[in-house]
1. Going 7 Å from the Cα of Ile176 along its beta-carbon direction, which residues of the range 53-74 have the amide nitrogen within less than 18 Å of the resulting point?
2. Packing-wise, with mean Cβ within 10 Å as the measure, how do 130-137, 158-165, 71-78, 89-96 rank, highest first?
3. For the range 83-128, take every pair of Cα atoms, bin their distances at 10 Å starting from 0, and report each bin as a whole percent.
4. Given a cut-off of under 8 Å on Cα pairs at least six residues apart, what relative contact order in percent is computed for the chain?
5. What FRET efficiency comes out for the pair Lys152/Thr23, r = Cβ-Cβ distance, R0 = 22 Å, nearest 0.05?
6. Per 5 Å bin, what is the whole-percent P(r) computed from every C-alpha pair distance within the range 18-124?
7. Before I look further, what does the range 1-118 give for accessible area per residue, probe 1.4 Å, in whole square angstrom?
8. Select from Leu3, Phe86, Ala200 the residue farthest towards the positive end of the dipole of the chain; place +1 on Cβ of Lys and Arg, -1 on Cβ of Asp and Glu, and compute about the Cα centre.
Amino acid sequence: MNLIFMGPPGAGKGTQAERIVETLNVPHISTGDAFRAAMKEGTALGIQAKSFVDQGLLVPDEITVGIVKERLEQPDCTKGFLLDGFPRTVVQADALGSILNEMNRSIDVVLDLAVDRDRLLARLTGRRICKSCGATFHLIFNPTKVEGKCDKCSGDLYQRADDHEEKVGTRLDEYISKTAPLLAYYSERELVKSVNGEQAIDAVTEEIMNTLRGTNQ
Ligand code: ADP
Ligand code: ADP
Ligand code: ZN
């Protein structure tokens, strides 16, 4: 299956993607994770992306499309893929369409995780990430067993610079102006399935799996 996860920052895309890819056995392609890894390593891509990511702004389309194209051409994507956080603009969606076309492939479903703005603020400001393995937790909604330590690998947790309150507003505005229009774009192509992202984490996973089963039939 070729899937896209859409939804505003903090909707739960990464959390759900980590679970769903285990069941579907497809690679999880997160542009946000790719930018953070490049920034950590200080590569040319990381240096280019950093000023945008740190300000809560979208990275320019040419840069973003380039990394996704390269990733989709890897052999493990032949069995399917889950795109998390891409596309985020109409230009990126058009580019994705062309890339897949050339490969004789297409998107099967766009899952939209719907969550209201007040809830997103609480989710983003309380989000904590493992420095070692990248797993995502939340101070209140998904706490680790030992404070400050990852449940999976005991690594230290950190807060993303762009999850500080003053950056979160910019990111939500970027979503509304540039990414939300993609829902109409993919609705016209009859690909969008909406999932209630305001439920508990397990319930959201269940709704996603049920939706995908429905799509398969
Ligand atoms: P996204 O990838 O869409 O930005 P994340 O998956 O990182 O979102 O989730 C944002 C924060 O909200 C994380 O701290 C995560 O632990 C928490 N979270 C995810 N899903 C839920 C949920 N259904 N209920 C409450 N908190 C959630
Ligand atoms: P979240 O799901 O919380 O918004 P991500 O980890 O998906 O966070 O993205 C973090 C940042 O990386 C974004 O604010 C943006 O700067 C950059 N980014 C990620 N994906 C894209 C994309 N498709 N286009 C442009 N910028 C992106
Ligand atoms: Zn970890």
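1. Answer for this model: 56-58.
2. Highest mean packing first, the order is 89-96, 130-137, 158-165, 71-78.
3. 21, 38, 24, 16, 1
4. Here the relative contact order equals 28 percent.
5. 0.80
6. So the P(r) values, bin by bin, are 2, 10, 19, 22, 20, 16, 8, 1, 0.
7. 44 Å²
8. Final value for the positive-end residue is Ala200.
The values are calculated or read from the model by the stated rules, or taken from the named source; none is laboratory data. Computed from a prediction, not measured in an experiment: that's the story for all the values here. Neighbour counts run over all protein chains shown; Cβ positions are idealised from the backbone, glycine included. For the accessible areas, the whole protein counts, side chains as well, though only heavy atoms, and no ligand, DNA or RNA atoms are used. Shrake-Rupley method; radii C 1.70, N 1.55, O 1.52, S 1.80 Å.
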